[in-house]
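The values are calculated or read from the model by the stated rules, or taken from the named source; none is laboratory data. All values reported here derive from a predicted model rather than from experimental measurement. Cβ atoms come from the backbone with ideal geometry, glycine included; neighbour counts cover every protein chain shown.
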């Protein structure tokens with residue numbers, strides 16, 4: 001039988017002979033355990049005493065300091081020559097190619113404004129495939145060739161840089177030894193100031209022009225949906241010249257006291273707790289959402305909001321979320337490219353401001369098991385330059401026919417590429433949350449609500465003559481109640497739907513909290529662009545054959561309503577029955593994260609991206625290499641941290657407690673007779689035995705974990721390696737965690753080294 005640290009055989013109480021070196025290791029481990037336990041209680045004591053950090057708000061109203069540190073149009077008008085200003089506006093509004101001849105004038109104006117705000121450095125701010133943002137700061141100073149320095153910022157520095165790109169994922173486009181990669185200014189996203197640095201939003205491309213970031217394909221996708229949606233919108237509104245993609249994200253996050261965070265190596269290294277038993281109370285009472293915002297958190301929110309508004313991020317909503325110590329911030333919707341930039345900027349702001357207030361901001365999708373994780377709901381819609389919200393119902397039958405067209409064609413894009421849309425939001429971190437009765441994107445479906453569902457059903461089942469009557473070639477009269485006046489958002493919402501219609505927009509609920517919104521927006525906008533393009537092609541073909549325009553629109557619309565029916569689901573997306581039904585409907589039900597990435601390389605996906613001029617096949621292949629590699633590394637790091645904590649934190653702690661119990665049992669034999677001792681020590685012996693058994697399982701599990709990693713690491717294919725980590729490494733981590741979480745309930749609280757869930761979640 002396995003023996004424990006020593007003193008008695010766990011089953012029969014025999015004295016053991018333990019080698020001196022092992023005794024030394026045991027003593028060392030126990031000392032470490034004591035130190036860590038002390039660290040935990042020190043952290044708890046310190047966190048419990050912290051007071052809110054008072055935030056002094058600006059004396060101006062928010063409208064006055066909004067975009068204070070952003071090079072807005074008003075500032076461009078002030079600091080740029082009038083002709084240069086007009087060209088910049090044309091570039092921003094109409095997508096006109098940027099004339100390099102104005103670069104020096106723009107740079108001079110930016111520099112003047114920046115220097116007036118104390119800026120000394122500049123950086124190209126870009127979004128590589130690491131999910132975060134990247135920057136390398138350079139100062140304005142240059143030699144004056146007279147033994148001194150001058151400050152310069154030329155147009156060429158604004159337009160393009162060549163940062164050392166070797167540290168960023170290349171995806172196979174560049175050889176690993178090549179550092180070449182170029183960042184190029186995106187003039188449609190305004191320049192801003194952080195501390196003493198002028199930040200210039202840029203795309204990041206290879207020296208041969210391939211996209212190495214998220215922004216470049218986003219801009220291409222937005223161009224594609226603008227072109228496709230404009231051509232369809234002109235059926236109804238001939239004066240439309242541009243369609244804009246809108247995005248309003250909702251950012252969920254957790255706050256954990258900084259000292260408690262520092263006492264949890266798993267949080268520090270992976271962003272989530274790799275172990276930890278539920279506390280007696282988590283979110284069962286659901287009293288946090290509607291509760292008063294905790295004082296320390298309220299001050300954090302206040303400062304975050306001020307900083308965000310100064311950077312032009314239109315934060316509007318702040319509130320508690322369902323889980324304890326979970327919160328949310330959300331802005332007014334914006335143009336999609338700008339909204340993505342603002343979300344990435346806000347996430348970095350959140351981390352900075354949180355530390356100032358003695359918190360750590362957790363953006364991991366599932367930092368705590370057993371309670372809600374964090375998402376980033378993407379509220380998406382299309383609008384025209386004339387002010388028409390294309391996904392919004394109107395006051396007239398004509399407006400509502402337009403509404404039906406854009407809703408249905410969005411559903412067509414989502415239906416055709418439902419697996420790809422799922423792949424766009426999938427990651428090693430979001431996989432912990434998805435399907436956990438919070439967001440069910442293991443299957444993409446769309447909730448429409450009763451009113452919209454009834455409208456589409458009526459359109460499907462009626463014939464053309466019931467839907468419209470022609471009143472001359474220039475006008476149309478829609479008399480049928482099939483397309484009545486619709487009320488905005490008069491139906492219940494469905495939180496189990498990953499892609500829900502919410503009155504005048506679609507809410508993509510499956511996006512992860514630490515993700516770049518660009519990933520989902522690239523796929524969604526491109527898929528809808530393809531659907532709208534296909535719709536117009538078929539409508540125009542009917543018109544060429546002699547059919548009236550609106551009759552052709554309704555005929556094609558009716559076909560598409562039938563085609564995309566499988567994606568429409570208003571029921572409970574969490575139910576087991578839905579999985580069976582979804583498979584019958586032909587929807588993608590794959591749950592393995594590495595395998596879901598395959599959807600990027602499906603022939604229909606490649607065709608869509610290439611036809612819409614968003615990405616080439618080799619760019620998609622390269623990105624998938626990055627996705628698989630990132631997945632592997634995330635699981636690899638978690639496995640290493642879990643192994644370390646198991647062997648160097650948990651086992652020493654439980655062994656120390658076990659030794660105390662063994663000593664207690666031993667002393668009982670000195671006081672009572674054998675028969676009585678057997679009764680009195682039964683519970684302690686059972687615990688000693690259970691501890692030994694669980695330690696054995698943990699050690700065996702860690703050894704197997706290491707062995708499986710070694711095997712997986714030898715696999716050359718990034719895809720197969722990621723699948724191996726998913727299939728053979730990740731499940732072992734869950735089994736090890738199960739044993740540790742059980743031990744947490746057994747071991748004396750005063751000895752447990754890691755802050756517990758009750759402390760992490762309820763100390764604010």
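Condition check ((1) touching a helix residue (DSSP H, G or I) at 6+ places or on another chain (Cβ under 8 Å); (2) crowded, with 21+ Cβ neighbours inside 10 Å; (3) at pLDDT 95 or above; (4) within 21 Å of residue 410 (Cβ to Cβ)) across all residues:
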{"position": "544", "(1), (2), (3), (4)": "no, no, yes, no"}
{"position": "547", "(1), (2), (3), (4)": "yes, no, no, no"}
{"position": "555", "(1), (2), (3), (4)": "yes, no, no, yes"}
{"position": "576", "(1), (2), (3), (4)": "no, no, no, no"}
{"position": "606", "(1), (2), (3), (4)": "yes, no, yes, no"}
{"position": "610", "(1), (2), (3), (4)": "yes, no, yes, no"}
Practice task
Determine if the stretch 340-360 includes at least one residue that is surrounded by 23 or more Cβ atoms within 10 Å (Cβ to Cβ), in contact (Cβ under 8 Å) with a residue 24 or more places away in the chain and part of a strand (DSSP E or B).
Solution key: yes
Handout entry: Number of positions in the stretch 615-633 that are surrounded by fewer than 20 Cβ atoms within 10 Å (Cβ to Cβ) and under 16 Å from residue 710 (Cα atoms)
Key = 2
Handout entry: Residue within the stretch 145-154 that is at pLDDT 85 or above and either out of contact with any strand residue (DSSP E or B) (no Cβ under 8 Å at 6 or more places or on another chain) or surrounded by 19 or more Cβ atoms within 10 Å (Cβ to Cβ) (or both) present
Key = yes
Completion exercise
For helices (runs of 4 or more DSSP H) lying entirely in the stretch 66-122, having 3 or more residues that are under 29 Å from residue 243 (Cα atoms) picks out 73-79, 82-94
Exercise for the section: Please indicate, with yes or no, whether at least one residue in the stretch 692-699 is within 30 Å of residue 596 (Cβ to Cβ) and in contact (Cβ under 8 Å) with a residue 12 or more places away in the chain. Expected result: no
Exercise for the section: Of all residues in the stretch 734-763, count the ones that are in a loop (DSSP other than H, G, I, E, B) and either assigned by TED's automatic domain parsing to the domain that holds residue 372 or touching a strand residue (DSSP E or B) at 6+ places or on another chain (Cβ under 6 Å) (or both). Expected result: 1
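Each row is one residue, and each column tells you yes or no for (1) outside any helix (DSSP H, G or I); (2) surrounded by 21 or more Cβ atoms within 10 Å (Cβ to Cβ); (3) in contact with a helix residue (DSSP H, G or I) (Cβ under 8 Å, 6 or more places away or on another chain).
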| residue | (1), (2), (3) |
| --- | --- |
| 367 | yes, yes, yes |
| 371 | yes, yes, yes |
| 382 | yes, yes, yes |
| 412 | no, yes, yes |
| 415 | no, yes, yes |
| 423 | no, yes, yes |
| 428 | yes, yes, yes |
| 454 | no, no, no |
| 458 | no, no, no |
Exercise for the section: Could you check how many residues of the stretch 531-579 are in a helix (DSSP H, G or I) and closer than 17 Å to residue 500 by Cα? Expected result: 5
Practice task
Filter the stretch 184-198 down to the residues that are touching a residue at least 24 places away in the same chain (Cβ under 8 Å) and in a loop (DSSP other than H, G, I, E, B), then identify the one that is surrounded by the fewest Cβ atoms within 10 Å (Cβ to Cβ).
Solution key: 196
Exercise for the section: Tally the residues that are in contact (Cβ under 8 Å) with a residue 40 or more places away in the chain and buried (at least 17 other Cβ atoms within 10 Å of the Cβ), restricting the search to the stretch 279-297. Expected result: 6
Exercise for the section: Report yes if residue 308 is modelled with pLDDT under 95 and either farther than 18 Å from residue 513 by Cα or in contact with a helix residue (DSSP H, G or I) (Cβ under 8 Å, 6 or more places away or on another chain) (or both), otherwise no. Expected result: no
Exercise for the section: Considering only residues that are under 14 Å from residue 219 (Cα atoms) and surrounded by 14 or more Cβ atoms within 10 Å (Cβ to Cβ), look in the stretch 83-94 and name the one that is farthest from the chain's Cα centre (by Cα). Expected result: 91
Problem - Restricting the stretch 430-451 to residues that are assigned to a helix (DSSP H, G or I) and within 19 Å of the chain's Cα centre (by Cα), the residue that is modelled with the lowest pLDDT - result: 432
Exercise for the section: Determine, yes or no, whether residue 586 is farther than 30 Å from residue 338 by Cβ and surrounded by fewer than 16 Cβ atoms within 10 Å (Cβ to Cβ). Expected result: yes
Practice task
Consider residue 706 carefully, then state whether it is part of a helix (DSSP H, G or I), surrounded by 20 or more Cβ atoms within 10 Å (Cβ to Cβ) and in contact (Cβ under 8 Å) with a residue 24 or more places away in the chain.
Solution key: no
